[in-house]
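Chemist: Quick one: this structure, given as structure tokens, is what I'll be asking you about.
The values are calculated or read from the model by the stated rules, or taken from the named source; none is laboratory data. Quantities reported herein were computed from a predicted structural model and do not represent experimental measurements. As a convention, Cβ positions derive from the backbone with ideal geometry for all residues, glycine included, and neighbour counts pool all protein chains shown. Areas reflect the complete protein model, heavy atoms only, side chains present, ligands, DNA and RNA absent. Shrake-Rupley method; radii C 1.70, N 1.55, O 1.52, S 1.80 Å.
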Amino acid sequence: MSSEFAVPATRPSAFGGAMIIAGTAVGAGMFSIPVVTSGVWFSGSVMLLAYTWLCMLLSGLLILEVALNYPAGASFHTLVRDLLGRRWSLINGLSIAFVLYILNYAYISAGGSIIAHTLGGGLGQKSAGLAFAVAVALVVWLSTRAVDRLSTILIGGMVISFALSIGNLFTQVQPALLFNSAQPGSDYAPYALAALPYLLTSFGYHGNVPGLVTYYHHQPKPVVRSLVGGTLIALAIYLLWQYVVQGNISRDAFRTVIAEGGNIGSLMKQMGSVSASPLITTLLNAFSYMALASSFLGVALGLFDYLADVFRLGNDRGGRARSALLTFAPPTLGALLFPDGFLYAIGFAGLAATVWAVIVPALLARASRRRHGRGGFRVPGGPAVLGFVLAFGVINAAAHLLSLADLLPVYH
């Protein structure tokens, strides 16, 4: 390896990288997982989550393989433009922007649902969503430091509220509900494909990989450990969440959640109805608030910075105000017009994320191997792994498009 990538005397721990990956992946999207997998139920969802985890881990490792051939600071955009050309760079950029916009819409929609559900008092979902969007926009407009400080507080609160609420509900899990033993003849397999795009969104972290390559001074081992450790933490959290939610709520009860748009407020209402303690309901609501706000802040800041760079907007108050308007106005308007679109938005985010988090990494690795030969770090498996990852991307894209065309069975 060249001297520009020389290893310093001290190197950051891989634990920090794993926390970055886990923190990026785990967010408000986890609330959609029990709903979209209600068709395949618990055993099926475990298999789908494991399959998605493996494919998303491999695609991240492929980005690592490619990024190691570039100097420190090279972004995902740089890799795509250099190896795949301007056309793919444009497609990739548009897919990233679309994901960020659609997730902002999803979080405003879900925020309005939660606030209206917990506060009540005549406060409508649209008004609550507007207030939530304005509050987050104000924080993002103030400064990145404000986002950083508030996110730190929210993540700390999430850990505490999640541990306390899940710990109690864990003991209430009913095997008869978890394995749907009351309906022995139920169909599960037909609903598997429709769930995949939503699960893909819950393992999104790929934009962080080039930054970790720089952070660990182009040493592949700590980055590999970070990706494996961080995605395994995310997988463990999702499996625990599935166990608790689907072990306390019947499969049929999810029909009501789906009929109400699959919003977080609907799921929390069902969880509250089975909770033995009002305190647990309060903790669950607190966790949902903080998870949603934390995810919204992170995604909104990413879109804010992206738009400021694309349109060359300044960092003064006026420039930041224009960036904030571009960031928040379209998704807020969408949430006011279509307030119950959380679940649909997560699905569309999965469709767009398939491009830049699955298909593009496989194409990058293929082009990189052709240009740079066999030297350095390489993901094991050869062309078969590239085909495996590409197939996962194609399956996800096809599943979502077929669902939209009502050509796939969807549990409702």
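Chemist: Considering only region 370-389, state which residues are part of a helix (DSSP H, G or I) and crowded, with 18+ Cβ neighbours inside 10 Å.
Modeler: Val385, Leu386, Val389 - these are the residues of region 370-389 that are part of a helix (DSSP H, G or I) and crowded, with 18+ Cβ neighbours inside 10 Å.
Chemist: Go through (1) touching a Ser or Thr at 6+ places or on another chain (Cβ under 7 Å); (2) at pLDDT below 95; (3) part of a helix (DSSP H, G or I) for Trp53 and report which single condition fails.
Modeler: (2)
Chemist: For residues that are over 20 Å from Gly393 (Cα atoms) and either within 22 Å of the chain's Cα centre (by Cα) or crowded, with 22+ Cβ neighbours inside 10 Å (or both), tally how many sit in region 69-84.
Modeler: Count: 1.
Chemist: Across region 267-312, what is the total count of residues that are out of contact with any Leu (no Cβ under 7 Å at 6 or more places or on another chain) and open to solvent by less than 10 Å² (accessible area, probe 1.4 Å)?
Modeler: 9
Chemist: Pick out, from region 85-187, the helices (runs of 4 or more DSSP H) lying fully within it that include 3 or more residues that are over 20 Å from the mean Cα position of the chain (by Cα) and surrounded by 14 or more Cβ atoms within 10 Å (Cβ to Cβ).
Modeler: In region 85-187, 125-142, 144-170 are the helices (runs of 4 or more DSSP H) which contain 3 or more residues that are over 20 Å from the mean Cα position of the chain (by Cα) and surrounded by 14 or more Cβ atoms within 10 Å (Cβ to Cβ).
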